[in-house]
Every structure is written in C-alpha cells, then in structure tokens.
Amino acid sequence: MKKIGLLGATGSIGLQTLDVIRQHPDQFSLCCFSFGRNKETAIEIIKEFHPQLVCCERKEDAEQLRSLYFSNVRFVFGEKGLIEVAVYDEMDCLITAVVGSVGLRPTLKALEAGKNIGLANKETLVTGGHLVMEAVKKANVKMIPVDSEHSAIFQCLRGEHSDEVEKLILTASGGSFRDLSREQLQYVTVEQALNHPNWSMGAKITIDSATMLNKGLEVIEAHWLFHMPYDKIEVLLHQESVIHSLVEFKDSSVMANLGNPDMRVPIQLALSYPNRMFLNTQRLNLSEIATLHFSAVDYVRYPMLKYAFDAGKTGGTMPTILNAANEVAVEAFLQRKIPFLEIETLVYRALEAHCAIFDPSLETIEAEDLKTRAQVCQWIHSRG
Ligand code: NDP
Ligand code: MG
C-alpha cells in the first residue's frame with residue numbers, strides 16, 4: 001500500500017488525484033493533505049479517506065475542525081502546516097497540487113526529507129528550478145511530472161538517452177481565446193476566459209492558458225525537468241489536445257504521447273510509477289477524431305510566451321518575477337479589477353523594472369517574489 005500525501009486536495013488536480021486513489025483502494029491510501037479555504041470539501045475528504053494529518057490555510061479553520069470533528073485527525077495550518085504535511089513521516093509520495101509559488105518551500109522540504117514527488121505545481125519549478133533539481137539529485141528521489149505535456153515527454157524519454165534528443169515540442173491548445181484577434185481581446189470577460197475548450201482546470205491556470213503564459217511556465221518547467229536548453233524547446237499549437245507533447249531525436253525520429261485529455265492519466269502514472277495500472281477513463285478513438293490540427297505560434301498574438309522564453313533564458317530571479325507578477329495580475333483580473341490585456345502589461349512592466357540576481361537562494365527568491373507582488377499590487381491600486 002502506497003501512502004499518499006496531497007498538497008491542494010480541494011483543487012482540480014487534488015480532486016482528480018483523490019479519484020485515482022478511490023479507483024485503487026488496495027494500492028493507494030491518503031495519509032495527509034492540505035487545503036486552502038474550502039472547508040466543506042475538506043470535511044468530505046476527511047470522512048471518505050480518513051487521513052491522519054490535515055493542513056488548513058487559516059488558523060481559525062484548523063481550530064474549528066479540531067473542536068467540531070475528528071478527534072483522531074491532527075489539524076495544522078499555514079505555511080508551517082504545509083511543511084508538516086510535506087515531510088509527514090508515514091508518507092511515501094507527495095503530490096504537489098497547490099497553485100502558485102507557495103508550493104516551493106514545502107516541495108524543497110519534502111525533497112530534503114527524502115520524499116518522492118508527483119509534481120503538478122509548475123510555479124515551484126519556474127521560481128526555484130535550480131534549487132529543486134539540486135535537491136532531487138541530492139536526495140536521490142523520483143520527481144515525476146503530472147503536467148500533461150511533461151508527463152508525455154517523460155513517457156517518450158523512457159529508455160532513451162538524453163544526449164540523443166534533438167528537441168522537445170510542447171503542444172498548446174491556444175486557450176479560451178485562440179480564435180480571437182488582439183483587438184477582440186480588449187473586451188473579453190472573466191466568464192469567457194474561464195471557459196477553456198478542452199480542459200476543466202482551476203481558475204488561475206485557465207487564465208494562464210488564455211494568455212499563453214501557462215505554456216511559457218511549462219517551457220521553463222521543461223527546461224528544468226529535462227535539463228534542456230531553451231533553444232531546444234519549441235511550442236506547437238494543436239487545438240484538440242490529443243497529442244500531449246513530442247520529442248524529436250537526432251535521427252529525425254519523433255515520438256509523441258497521445259490520449260484523450262484527462263489529467264487522471266498523468267496523475268495515476270506519477271502515483272504508480274514505474275508501473276502502469278488500469279484506469280477507468282474514455283479510450284482514444286482516432287478514427288472518430290479523424291483530423292488533428294497544428295500551427296506555429298505567433299509571438300505577436302501571444303507575447304507572454306515570448307516573455308517566458310526571455311525570462312527563462314536570462315535565468316536567475318527573472319522567472320520568479322515573471323511568475324509573481326502574473327499571479328497578482330491574474331488574481332486582479334479574476335476580481336475584475338483590471339481588463340484581460342492588462343495582465344501582460346503588468347508582467348512586462350515588472351520584468352522591465354527588475355535586474356536579475358543570479359543563482360538566488362531560497363530566501364532571495366522569496367524576498368524578490370514578495371517585492372514584486374507588492375509592486376504590482378501598487379500599480380493596480382494606482383490605476384484608480
Ligand atoms: P486549483 O485552483 O483548482 O486548486 C488549488 C489548490 O490549492 C486548492 O486545494 C486550494 O485550496 C489550494 N490553495 C490555493 N491557494 C493556497 C494557499 N495560499 N495556501 C494553501 N493552499 C492553497 O488549481 P489546479 O488544481 O488547477 O492547479 C494546481 C497546480 O497544478 C497549479 O500549479 C497548476 O498550474 C498545476 N496544473 C493543473 C492542471 C489542471 O488540469 N488543473 C494541469 C497541469 C498542471 P482551496 O480551494 O480549498 O482554497
Ligand atoms: Mg499542461
């Protein structure tokens with residue numbers, strides 16, 4: 001029995017992870033989890049999965065749950081609590097499914113404690129990739145990607161030699177606004193942005209898909225996970241999300257990973273690795289799909305992807321700034337404080353204002369992350 005820990009259990013990836021655990025009660029159990037503010041769902045999870053340790057974002061929720069329910073569950077809270085879950089002694093594998101750079105420190109602590117990781121929280125690698133990869137190497141543990149593109153590449157690379165890879169090709173659906181011009185983007189609403197054509201995901205990543213920064217973050221994620229220079233990573237528009245990504249080898253051969261869009265497939269592989277298990281999901285029927293579409297990315301239409309490549313190539317704290325500014329800007333858009341196109345304006349402004357610090361420590365990353373958040377908040381506030 002593999003004992004699973006889950007950061008962000010109440011989110012989109014969290015709930016799908018629970019569904020995989022539910023499908024294999026003799027293989028997996030949930031020993032600990034964290035959630036943010038969705039207490040109702042957290043209570044349901046506790047009742048169904050009987051974990052021993054639960055972390056709430058807020059102290060008052062931990063106190064309330066402790067007094068009202070479940071005397072055999074230990075409740076903790078805040079960042080300290082997240083770390084307690086991340087290093088929980090009984091746990092064999094941690095799925096990191098919180099959203100945002102809040103995942104960095106707990107992931108590093110989990111690695112230090114020798115835990116295997118299923119990594120969904122891409123912001124962790126974007127903001128502290130060099131620290132995370134160093135920790136993985138030092139701890140000699142497995143970090144299996146959950147992001148569908150990276151799981152696809154990981155699967156294409158199984159049994160291959162990394163020095164025989166020519167390039168990685170990440171596919172991108174184009175997000176909710178792929179058929180709109182830049183002019184039309186001026187008037188889009190939050191509801192339209194949240195309506196992704198292929199995937200049902202959390203709000204932040206759905207907006208990131210619409211701006212294409214999600215693919216930018218994934219480029220940086222791929223750079224770290226597969227030790228690949230940026231000029232060997234490409235993005236290809238592919239609207240059906242059936243080909244999850246591709247790898248081209250030196251001899252021109254290309255391997256791809258295909259499947260219906262269902263995040264439970266990469267989640268389950270991260271849990272069952274190195275084995276594969278049955279999953280109750282819809283099978284791919286290519287004759288029914290019949291046609292797949294591909295096109296090159298237009299960097300004028302999607303400037304955020306260019307910002308991400310540039311930030312990644314510069315390195316140091318630049319990707320931290322990209323990510324922190326974007327997290328604040330996306331939240332402001334979701335709260336209807338700024339229009340959609342202002343997200344990229346704020347991110348660009350933050351990048352322009354920053355002078356990269358190279359080989360940053362965790363403390364430097366966290367300080368620069370906070371500084372950027374405060375600055376972008378102030379810019380939003382002063383728009384009036
Ligand atoms: P969601 O927004 O659906 O879920 C986020 C989870 O994190 C929730 O459990 C939420 O709690 C919790 N959370 C949010 N903020 C905090 C905080 N400050 N402290 C502690 N917990 C917090 O996100 P997704 O599941 O969509 O995404 C999770 C991660 O996986 C992201 O990094 C995303 O990029 C990545 N990913 C997601 C995919 C998807 O299909 N959804 C695909 C590939 C990658 P609560 O809701 O209780 O407040
Ligand atoms: Mg992805």
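Checking each residue in the range 99-131 for being within 15 Å of ligand 1 (Cβ to nearest atom), among the aliphatic types (A, V, I, L, M) and either outside any helix (DSSP H, G or I) or out of contact with any helix residue (DSSP H, G or I) (no Cβ under 6 Å at 6 or more places or on another chain) (or both) picks out V99, V102, I117, L119, A120. Taking helices (runs of 4 or more DSSP H) as the structural unit, those lying wholly within the range 244-363 and holding at least 1 residues that are in contact with a strand residue (DSSP E or B) (Cβ under 7 Å, 6 or more places away or on another chain) correspond to 264-272, 303-314. Scanning the range 25-65 for residues that are under 27 Å from R276 (Cα atoms) and of a type in the set (G, A, S) yields S29, S34. Selection of the range 149-188 for residues being acidic (D, E) and within 16 Å of ligand 2 (Cβ to nearest atom) yields only E149. Scanning the range 176-208 for residues that are within 13 Å of ligand 1 (Cβ to nearest atom) and over 17 Å from Q16 (Cβ atoms), we see that the one that is surrounded by the fewest Cβ atoms within 10 Å (Cβ to Cβ) is L194. Scanning the range 248-265 for residues that are under 23 Å from the mean Cα position of the chain (by Cα) and of a type in the set (A, V, I, L, M) yields a count of 4. May I ask you to list the residues in the range 193-209 that are farther than 16 Å from A97 by Cα, among the aliphatic types (A, V, I, L, M) and in a loop (DSSP other than H, G, I, E, B)? Correct list: L194 only. Could we say that D231 is free of Cβ contacts under 8 Å to residues at least 60 places away in the same chain, surrounded by fewer than 17 Cβ atoms within 10 Å (Cβ to Cβ) and away from ligand 1 (no atom under 16 Å from the Cβ) here? It is true that D231 is free of Cβ contacts under 8 Å to residues at least 60 places away in the same chain, surrounded by fewer than 17 Cβ atoms within 10 Å (Cβ to Cβ) and away from ligand 1 (no atom under 16 Å from the Cβ). Among the residues of the range 85-112, those identified as within 24 Å of H50 (Cβ to Cβ) and surrounded by fewer than 21 Cβ atoms within 10 Å (Cβ to Cβ) are V87, D89, E90, D92. Kindly indicate whether any position in the range 15-36 is of a type in the set (A, V, I, L, M, F, W, C), in contact with a strand residue (DSSP E or B) (Cβ under 9 Å, 6 or more places away or on another chain), at pLDDT 95 or above and within 16 Å of ligand 2 (Cβ to nearest atom). Checked against the condition, which is being of a type in the set (A, V, I, L, M, F, W, C), in contact with a strand residue (DSSP E or B) (Cβ under 9 Å, 6 or more places away or on another chain), at pLDDT 95 or above and within 16 Å of ligand 2 (Cβ to nearest atom), the range 15-36 yields no hits at all. On inspection, Q155 passes the criterion of being in a helix (DSSP H, G or I), surrounded by fewer than 23 Cβ atoms within 10 Å (Cβ to Cβ) and in contact (Cβ under 8 Å) with a residue 60 or more places away in the chain. Taking the range 43-74 as the range and being aliphatic (A, V, I, L, M) and surrounded by 13 or more Cβ atoms within 10 Å (Cβ to Cβ) as the test, the residues that pass are I43, I45, I46, L53, V54, A62, L65, V73. Cβ separations smaller than 7 Å between residues 6+ apart or across chains give the following pairs from the range 2-21 residues that are over 16 Å from I117 (Cα atoms) to residues that are of a type in the set (F, W, Y) and within 8 Å of ligand 1 (Cβ to nearest atom): T10/F35.
The residue of the range 138-148 that is nearest to ligand 1 (Cβ to nearest atom), among those that are over 11 Å from the mean Cα position of the chain (by Cα) and either open to solvent by 40 Å² or more (accessible area, probe 1.4 Å) or not hydrophobic (A, V, I, L, M, F, W, C) (or both), is K142.
How many of the residues in the range 121-148 are more than 16 Å from ligand 2 (Cβ to nearest atom) and hydroxyl-bearing (S, T, Y)? So the count comes out to 1.
For E90, state whether it is part of a loop (DSSP other than H, G, I, E, B), within 25 Å of P266 (Cα to Cα) and of a type in the set (D, E, K, R). Against the criterion (part of a loop (DSSP other than H, G, I, E, B), within 25 Å of P266 (Cα to Cα) and of a type in the set (D, E, K, R)), E90 qualifies. Take the conditions within 14 Å of ligand 1 (Cβ to nearest atom) and at pLDDT below 95 and apply them to L65. Does it pass? In short, yes.
The values are calculated or read from the model by the stated rules, or taken from the named source; none is laboratory data. Here the structure is a predicted model, which is why all the values come from computation and not from measurement. Because the Cβ atoms are built from the backbone with ideal geometry, glycine has one as well, and the counts that use them run over all protein chains shown. We work out accessible area using only protein heavy atoms, side chains counted, and drop any ligands, DNA or RNA first. Shrake-Rupley method; radii C 1.70, N 1.55, O 1.52, S 1.80 Å.
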